[in-house]
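Structure first, commentary second.
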Amino acid sequence: MSRPVRVGQVYRCPVCRAEVVVINAATAALEPRCCNQPMEAVRVVPVYRCPVCFSEVAVLRQDDEAPELICCGRPMEPREARAAA
C-alpha cells in the first residue's frame, strides 16, 4: 500500500535502522525498501532551497531556532512539506 510522500519525509529501515529523507518526489507512489523490508515513515524535517542555484538541503537536527542557511550569498528559502503530486 502506498503512503503519501512529502518533501522532508524521513524513512527508517526496521532492520538496520538506516534513514533516508525525501528531497524531491516525482510521484506519490514512493515505497522505499531496505533489507528487503518496507521502510517506516518516522518524521518530517525542513528542506531549504537556494533561490539562485537551486541547491537543496534537509535539516536533520536543530535547536529551537531555525538555522540560518546561506548559499550564493543569500538566505536559503524553506520548501513546503507538501505531498507529491
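The values are calculated or read from the model by the stated rules, or taken from the named source; none is laboratory data. Computed from a predicted model, the values in this text were never measured in an experiment. Glycine also receives a Cβ, built like all others from the backbone with ideal geometry; neighbour counts cover every protein chain displayed.
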Worksheet, complete the sentence: Ala84 fails exactly one of (1) within 16 Å of Val7 (Cβ to Cβ); (2) at pLDDT 95 or above; (3) of a type outside the set (Val, Ile, Thr), namely (2)
Discussion item. So in the stretch 53-81, with the set limited to residues that are assigned to a loop (DSSP other than H, G, I, E, B) and of a type in the set (Asp, Glu), which one is modelled with the lowest pLDDT?
Written reply: Glu80
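Does at least one position in the stretch 31-52 carry a residue that is small (Gly, Ala, Ser), within 12 Å of the chain's Cα centre (by Cα) and assigned to a loop (DSSP other than H, G, I, E, B)? Full working, then the answer.
From the stretch 31-52, those small (Gly, Ala, Ser) are 41; that's our starting set.
Going one step further and asking which of them are within 12 Å of the chain's Cα centre (by Cα), we end up with 41.
Remaining after also requiring assigned to a loop (DSSP other than H, G, I, E, B): none.
No, every residue in the stretch 31-52 fails to be small (Gly, Ala, Ser), within 12 Å of the chain's Cα centre (by Cα) and assigned to a loop (DSSP other than H, G, I, E, B).
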